[in-house]
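The values are calculated or read from the model by the stated rules, or taken from the named source; none is laboratory data. Remember, it's a predicted structure, so these values are computed and weren't measured experimentally. All Cβ positions, glycine included, derive from the backbone under ideal geometry; neighbour counts span all protein chains shown. Each accessible area value is taken on the protein alone, full model and side chains, heavy atoms only, with ligands, DNA and RNA left out. Shrake-Rupley method; radii C 1.70, N 1.55, O 1.52, S 1.80 Å.
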Amino acid sequence: MPTRARDRLLDTAERLFYANGIRSVGVERILAESGVGRASLYRHFPGKDDLVVAVLQRRDQAWRQWLREAVERLAPAPADRPLAVFDALAERFARDDFRGCAFINTIVETADPQSMAHLVADKHKRAVIAYVDGLLTGAGHEGHGPLAAQLVMLMDGAIVTALRERTPNAAKLARSTAAGLLSVSRDR
């Protein structure tokens, strides 16, 4: 039973934090919507900050797995995969429950860059850069370290723009810009 309570807390907190923001969701609401008692919450998580970190760590794993699977589905050929990240994002942006990037949202909400939540969000972004770097390697791009960071910057910009405009078109625009960067990279 303890694992089920922990999972309910994580599921509820993740849904609420993503939909409403971390700061606007209190422990009372998480308890009420999860059906978990206060003692169980504090048995699993010493405080709200610990719950936030656990939610982000779990979401990191799930999001990166989703991205990997979507890219492989959309682009069976490794040469096409660096641009397929934008196609995957376009699918994500079209969902009714799209509310931006939980990690960008956390970085914006967290005032202290040394807080654990901020550090977990930063670690996620670095892992995404490493993943994109691996896609570039697989696609045959040389000297691609800075290029991976540029593509992730385009991804992040597309995420924020899609949230602002409420349209998946931002992914298409970012994809077009990325294609230009990849073309210049190949010509070097």
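Phi angles across the stretch 73-87 convert, under the Karplus curve 6.51 cos²θ - 1.76 cosθ + 1.60 with θ = phi - 60°, into 3J(HN,Hα) values of 5, 7, 9, x, 8, x, 5, 8, 5, x, 7, 5, 4, 6, 5 Hz, Gly and Pro given as x. The charge dipole of the stretch 78-188, taken about its Cα centre with unit charges on the Cβ atoms of Lys, Arg (+1), Asp and Glu (-1) only, comes to about 120 debye. In this Cβ point-charge picture (+1 for Lys and Arg, -1 for Asp and Glu), the chain has a dipole of about 280 debye about its Cα centre.
Could you report the stretch 1-45's accessible area per residue, 1.4 Å probe, as an integer in Å²? Intermediate values should be presented prior to the final figure.
On the way: 2550 Å² over 45 residues.
That works out to 57 Å² for each residue.
Radius of gyration over Kirkwood radius for the stretch 49-187, both on Cα atoms: the Rg/Rh ratio is 0.97.
Using the C-alpha atoms of the stretch 1-109, what convex hull volume per residue, in cubic angstrom, is computed?
Roughly 111 Å³ of hull volume per residue.
What percent does the relative contact order of the chain come to when contacts are Cα pairs within less than 8 Å and at least six residues apart? It comes to 21 percent, rounded to a whole number.
Across the stretch 53-62, coupling constants 3J(HN,Hα) worked out from phi with the 6.51/-1.76/1.60 Karplus curve, θ = phi - 60°, read 4, 5, 4, 5, 5, 5, 5, 4, 4, 5 Hz, and Gly and Pro carry x. What the phi angles of the stretch 125-135 give under the Karplus curve with 6.51, -1.76 and 1.60, with θ = phi - 60°, is a coupling list of 4, 5, 5, 5, 4, 4, 4, 4, 4, x, 5 Hz, glycine and proline written as x. Expressed as a fraction of 2.2 N^0.38 Å, the C-alpha radius of gyration for the stretch 121-188 is 1.14. Listed peptides 151-159, 134-142 appear in the order 151-159, 134-142 once ranked by packing, highest mean of other Cβ atoms within 10 Å at the front.
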